[in-house]
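Q: Take this structure, written in structure tokens, and hold onto it; I'll ask about it next.
The values are calculated or read from the model by the stated rules, or taken from the named source; none is laboratory data. Because the structure is a prediction, the values reported are computed rather than measured. Cβ: placed from backbone, ideal geometry, glycine included. Neighbour counts: every protein chain shown. Only protein heavy atoms, including side chains, enter the accessible area calculation; ligands, DNA and RNA are left aside. Shrake-Rupley method; radii C 1.70, N 1.55, O 1.52, S 1.80 Å.
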Amino acid sequence: MINERKSAINVSAGDFRKAAHSLVDTVAGFLNDISNKPVTTGETPARILELLGNETLPGKGIAMDEIITKATELLYNHSLLNGHPKFFGYITGSPAPIAMLADLMAASVNANVGAQVLSPVATAIEKQTIRWLAEFIGFDESYGGILVSGGNMANFTAFLAGRTAKAPDDFKTNGLSANDMVMYCCKTTHTWIDKAAVLFGHGTNAIRWIPADRNNRMEIPALVKSIEEDLSKGKLPFMIIGNAGDVSTGAVDDLSEISKVCKKFKLWFHVDGAYGIPAAVVPEYSGLFSGIADADSIALDPHKWLYSPLEVGCTLVKNPQHLLNTFSSHPAYYHFENKDTDPAFNFYEYGLQNSRGFRALKIWMQLQQVGKEGYINLIRDDIALAELMYELASKHSELEAVTHNLSITTLRYIPSGVNNNLEYLNKLNTMLLEELQRNGEVFLSNAVIEEKFCLRACIVNFRTTSRDIHESIDIIVKSGKEIHKSLSGE
């Protein structure tokens, strides 16, 4: 009989407390010093593997404090730090400290938020968090949804719900073979739509890429024309996707006009707001999102502009029954129904996952700590800092400010005396980006706008200040000069 177990995986309360206190001190020191570290070390993959070593899987266990010491050294001295005030690459928010603690708490309970009986408090917290997120962007309490891993999964979940809602009655049995379903989006839409078309059986030919205007917004007349052409050919239009902050430039489609088109043709209206929709909470920018209330579904990512640690996205649906219609199943080996008058709420019926982690706790805690007013100020500041970068680039003789929308600015380095040689400037700015991403002083990504290769800065960082923006402009110009000198042989 096994009456008492001595397990290599368990630790005493005293040992755990000692290790945890030491680790928290290390984390606090790291956060306090993050501004003084390089954004990235620029080390090669081979160098990182060398640091890990080529040891085989340990046969015997290693002491916990030794493992933690090695892990903290690796992570804090050899990572790209997206919490650094000069990290402007892609769209990854600087993680909130309270949410770091929330993830520890969530892991300690390890709730499986797939069924209510397995996660009574966690299920209630996720339901409340979803209501708060809907309220945050101006939706009423009728909206429901589910937390997922990120933007791709949030958009996928809504895509499948919209398809089920608009498909013929025989779709679940006959599938796509008898149904030529097509969807519409601006050419600036994130690549999740390509994945959805392929993975869910439509093929990329089912996507209608609608041109963007000079402001990177979907051309509505072209959208209407495309739908009418498809209808005349016997196609089955079912969804239009609007962008609430496209990933390259931050542009927001005319959601109000897209809504009208959806109503006219009885199509599902989905909004990809993974990045930009939190700006709807700021009074002076809410008009950009006019029409959002008509959306049948929307994707948003708290790990982007709500400053949550990875990973958490959210799908909101105007009528949550569409999620149940799409994802709910009741195999014999599931017995998750309550017998009393209060029906169980099981999140496995609302999305792709059955077993689900407790993602909601960190958002729930953050929303309470920061509050709506706090978020308004944070998001407003990020937008102002991106605007400052645009203004500084506009005034600089060797920079071209290309676009500014929400908290994204794009720009190019153009050396003095160089004519607008597109091929040369694209090569120069490509090399400049690579150098900036390697040297660790500032980290940007890129966008291609009207065939121009541009540097792209996205500010979703509560640590960034005006000083960081001014210093980044100087770094860009200095590095640009050096690369131009090398290319031109001057």
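Q: Rounded to the nearest 5, what % of the DSSP beta bridges within the chain are antiparallel ones? Mind showing how you got there, number by number?
A: Numbers: 26 of 44 bridges.
Within the chain, antiparallel bridges account for around 60 percent of the total.
Q: Once the dipole of the chain is set up with Lys and Arg at +1 and Asp and Glu at -1 on Cβ about the Cα centre, which of Asn377, Tyr424, Ser297 lies farthest towards its positive end?
A: Checked the options; the winner is Ser297.
Q: Enter the Cα centre distance for the pair the range 213-291 and the range 30-85, rounded to the nearest angstrom.
A: 43
Q: Once a ≥ b ≥ c are taken as the square roots of the eigenvalues of the Cα gyration tensor of the chain, is the result rounded (a/c under 1.5), prolate (a/b larger than b/c) or oblate (a/b not larger than b/c)?
A: oblate
Q: With every protein chain present, what accessible area does Phe139 have (1.4 Å probe, heavy atoms only), rounded to the nearest 10 Å²?
A: 20
Q: Near Lys395, which lysines are there with a Cα under 20 Å away, not counting those fewer than 8 places off in the same chain?
A: The reachable lysines, counting only those whose Cα sits under 20 Å from Lys395, are Lys452, Lys478, Lys481.
Q: Leaving out ligands and nucleic acids, note down the accessible area per residue over the chain with a 1.4 angstrom probe, in whole Å². Intermediate results must be reported in sequence, preceding the final value.
A: Numbers: 23950 Å² over 490 residues.
Value returned for the chain: 49 Å² of accessible area per residue.
Q: Still on this model: If you wrap the range 352-470's Cα atoms in a convex hull and average its projection over all directions, what's the area in nm²?
A: 10.6
Q: Within the set of other residues whose C-beta is less than 12 Å from the C-beta of Gly351, count the net charge using Lys and Arg as +1 and Asp and Glu as -1.
A: Around Gly351, the charge tally is 0.
Q: Would you work out the charge dipole size for the range 14-110 about its Cα centre, treating the Cβ of every Lys and Arg as +1 and the Cβ of every Asp and Glu as -1, and quote it to the nearest 20 debye?
A: Charge dipole, the range 14-110, about its Cα centre: 160 debye, nearest 20.
Q: I need the peptides 292-299, 444-451 ranked by packing, meaning the mean over residues of other C-beta atoms within 10 angstrom, with the highest value on top.
A: Working: 292-299: 24.1, 444-451: 17.0.
The densest-packed peptide leads the list: 292-299, 444-451.
Q: Using the Cα gyration tensor of the range 51-188, with a ≥ b ≥ c the square roots of its eigenvalues, what is the shape: rounded (a/c below 1.5), prolate (a/b larger than b/c) or oblate (neither)? Let's see the in-between values first.
A: On the way: a/c = 1.87, a/b = 1.77, b/c = 1.06.
Taking the square roots of the gyration eigenvalues as a ≥ b ≥ c, the range 51-188 is prolate.
Q: Can you spot the lysines whose alpha carbon is less than 27 Å from Lys362's alpha carbon? Ignore those fewer than 8 places along the same chain.
A: Answer for Lys362, where 27 Å is the Cα cut-off: Lys18, Lys37, Lys70, Lys86, Lys127, Lys304, Lys318, Lys372, listed by chain and number.
Q: Now for a separate question. Treat every Asp and Glu Cβ in the range 77-196 as -1 and every Lys and Arg Cβ as +1, leave all other atoms uncharged, and give the resulting dipole magnitude about the Cα centre to the nearest 20 debye.
A: 280
Q: Sticking with this one: With a 1.4 Å probe and every protein chain kept in, tell me what percent of the accessible surface of the range 1-127 is carbon plus sulfur.
A: Looking at the range 1-127 in its full context, I get 60 percent from C and S.
Q: Oh, and also: Give, as a single signed number, the net charge of other residues whose beta carbon lies under 12 Å from the beta carbon of Ser79, with Lys and Arg counted +1 and Asp and Glu -1.
A: -1
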